[in-house]
Amino acid sequence: MKIVSAREAANLLKTGMTVATEGFLGIQVADEIFLGIRERFLEEGLPRDLTLFHIASQGDFSNEKGLCRLAEEGLLKRVIGAHFNTMPKLRDMLSENKIEGFNLPQGVISHMMRDIAAHKPGTITHVGLKTFVDPRLEGAKVNQKARDSGYDPVELIHLGGKEYLWYKPVRPDACILRGSYADERGNISFEKEVATLSTVSVAQATRNSGGIVIVQVERIVGAGTLDPKLVKIPGIYVDYVVVARPENHRQTYAVDYDPAFTGHIRVPVSSIPPLKLDERKVIARRAAMELVPRAVVNLGVGMPEGVAIVATEEGIAHHMNLTVESGPVGGVPAGGGSFGAATNPEAILDQGYQFDFYDGGGIDVAFLGIGQCDAKGNINVSRFGTRSPGCGGFINITQNSKKVVFCGNFTAGGVQLEIGNGKLTIRKEGKVHKFIPAVEQITFSGEYAKEVAQPVVYITERAVFEMKPEGFALTEIAPGIDLQKDVLDQMDFQPIIAKELKRMDERIFREEKMGITLI
């Protein structure tokens, strides 16, 4: 192991290399090294035409941090990753067709790293079938440059009479990782990191591909002083270590260091104030009614986060065992710049193991958002026009959970509602219809859900739909709502209407607690 500066680390990267990185939105991001690469490129024009291979997005929605520091024309040729939305400059380069883009499910890439390390022929899985990553649809290609490249990252295969997707290995020439401390032998510990993510697999994949392993740390310590149980990257994998400045090595983009994220302390979780009675609370209340006792749960960002708040208000939060795809189990998942961490976690798994559990059906109920929904029950959250936020872990989670509950507003663009006294009134309708004949991109396949008989519920503030054997069906409408004017006229297709169309529980639309009980 050799200690180098960020600029010296940047000098190790050669034109045309495939560079793997690890991080999760605002956590475990090697910002010091990314800055060194950017500075070298702006001064020397080198390296050029890199393939960037990342799992989760690494950025803070600005153009100043994370992988946005690599978003320069000429520096990158191709990006293979699960999520792009927190990296607007990089996302825009994909939208503007300046670099090739390929969008694979987060859990799949995590498993790919492990399989690459073992020199397996690729990753074979059902995850992604009948979604946009399926080669019968879009083959995971984000833009025209990708479609013209001739590169096909995934193929459809058959084993034992069943369909699977074969994700082909991408062998890294170098990887850029991050830990807390490095000892003089190159062992990397993770005392202050909120998760281990897939760091070990990325390091192994790079080492076994003959590549260079570069790790950013907070400081160097003496050989033999690290707790071996906290060493996640053995020194035998590590070639170079960069000691970062504090501003480029915060625990998350939101905090310098919170020991409650790592289990070093446990803190009282302050009382969560109830949501005000608006559409978010209405949706969260109806969604919370889908919980089952002792459920293992994954909550998406945005609207689904309200489910945990409602469960706390109703006194049923102890029935939720919350998990985050980055690895934490239990505790209270963090949001914002610390998303991916959890306060007071009970366990922190490697990301690959978390997705093993998810892919095998370990989640009892998943609550995710609705971008667009169509007549087949397909959901799109990954592409809108030329903008491609990416799928993240959405495909792994929704395709494999025992039950999926999608949560979102019925329309968008200026809707105004009046909620109270057990009913809902539409004062001003939204300009944008979210229930359309065909989604722009299939991130969740209603057809696949029907084939595997997966229970799927679509919850809005005024209507509830379910995936039935006969198709996409309207099963409930809110009290105070006119079926034709407020629901059917605001959809661009005609759903099946349940023979026994129900009214949503009036308690959902009152100020007082509902008194939800789980059976």
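All of the numbers you see were taken from the coordinates with simple rules; none came from a lab. On a predicted model such as this, the values are computed, not experimentally measured, just so you know. Glycine gets a Cβ as well: all are built from the backbone with ideal geometry, and neighbour counts include every protein chain shown.
For the chain, averaging the sequence separation of C-alpha pairs within contact (under 8 Å, six or more residues apart) and dividing by the residue count gives a relative contact order of 13 percent. Taking the stretch 279-509, how many lysine pairs are there with alpha carbons less than 21 Å apart, if each pair must be eight or more places apart or span two chains? Within the stretch 279-509, the lysine pair count is 28. Taken over the alpha carbons of the chain as equal point scatterers, the Debye sum produces base-10 log I(q)/I(0) values at 0.09, 0.10, 0.12 Å⁻¹ of -0.64, -0.79, -1.10.
Rg of the Cα atoms in the stretch 365-517, relative to 2.2 N^0.38 Å, amounts to 1.03.
Protection proxy ranking for 163-169, 396-402, 28-34, 40-46, using the average of other Cβ atoms within 10 Å per residue and placing the highest first: 28-34, 396-402, 163-169, 40-46.
Restricting the stretch 96-142 to GluC sites (Glu not before Pro) that sit in a DSSP loop and have at most 16 other Cβ atoms within 10 Å of their own Cβ leaves 96.
Helix 279-288 axis versus longest C-alpha principal axis of the chain: approximately 90°, rounded to the nearest ten. Counted by neighbouring Cβ atoms within 10 Å, the residues 51, 386 run from fewest to most as 386, 51.
Phi-derived couplings, Karplus 6.51 cos²θ - 1.76 cosθ + 1.60 at θ = phi - 60°, listed residue by residue for the stretch 183-189: 8, 5, 9, x, 5, 10, 9 Hz, with x used for Gly and Pro.
How high is the relative contact order of the stretch 1-90, given as a whole-number percent (alpha carbon pairs under 8 Å, six or more residues apart)? Relative contact order for the stretch 1-90 comes out at 30 percent.
Checking every one of the trypsin sites (Lys or Arg not before Pro) in the stretch 69-141 against DSSP loop status and a limit of 12 other Cβ atoms within 10 Å picks out 136.
All C-alpha to C-alpha distances of the stretch 153-201, sorted into 10 Å bins beginning at zero, yield P(r) values of 18, 31, 22, 19, 10, 0 percent in whole numbers. Neighbours of residue 496, meaning other residues whose beta-carbon lies under 10 angstrom from its beta-carbon, give a summed charge of 0 when Lys and Arg score +1 and Asp and Glu score -1.
Taking a ≥ b ≥ c as the square roots of the eigenvalues of the alpha carbon gyration tensor, the stretch 2-245 is oblate, as a/c is not under 1.5 and a/b does not beat b/c. Cα-Cα over 29 Å: which of 192/276; 145/168; 98/168? In this structure, 192/276 exceed 29 Å between Cα atoms. Remark: 8, 346, 193 ranked as 346, 8, 193, counting other beta-carbon atoms within 10 Å and listing the fewest first. From its DSSP helices (H runs of at least four residues, each -39,500 (n - 2.57)), the chain gives a residue-normalised ellipticity at 222 nm of -5000 deg cm²/dmol.
Here the 3J(HN,Hα) profile of the stretch 122-135, calculated from phi with Karplus coefficients 6.51, -1.76 and 1.60 at θ = phi - 60°, is x, 10, 10, 7, 7, 5, x, 4, 6, 9, 5, 7, 5, x Hz, Gly and Pro shown as x. Under a Cβ-Cβ cut-off of 12 Å, what is the net charge of the residues other than residue 384 that fall near it, where Lys and Arg count +1 and Asp and Glu count -1? Once all neighbours under 12 Å are counted, the net charge is +3. Taking the number of Cβ atoms within 10 Å of each Cβ as an exposure proxy, the fewest-first ranking of 488, 159 is 159, 488. Over what distance in Å are the Cα centres of the stretch 379-435 and the stretch 201-224 separated? Going from one Cα centre to the other spans 41 Å. Of the trypsin sites (Lys or Arg not before Pro) found in the stretch 433-519, those in coil by DSSP whose Cβ has at most 16 other Cβ atoms within 10 Å are 510, 513. Axis angle, to the nearest 10 degrees, between helix 199-208 and the longest C-alpha principal axis of the chain: 50 degrees. The relative contact order of the stretch 227-368, computed from alpha carbon pairs under 8 Å that lie at least 6 residues apart in sequence, is 25 percent. Placing unit charges on the Cβ atoms only, positive for Lys and Arg and negative for Asp and Glu, gives the chain a dipole magnitude near 280 debye about its Cα centre.
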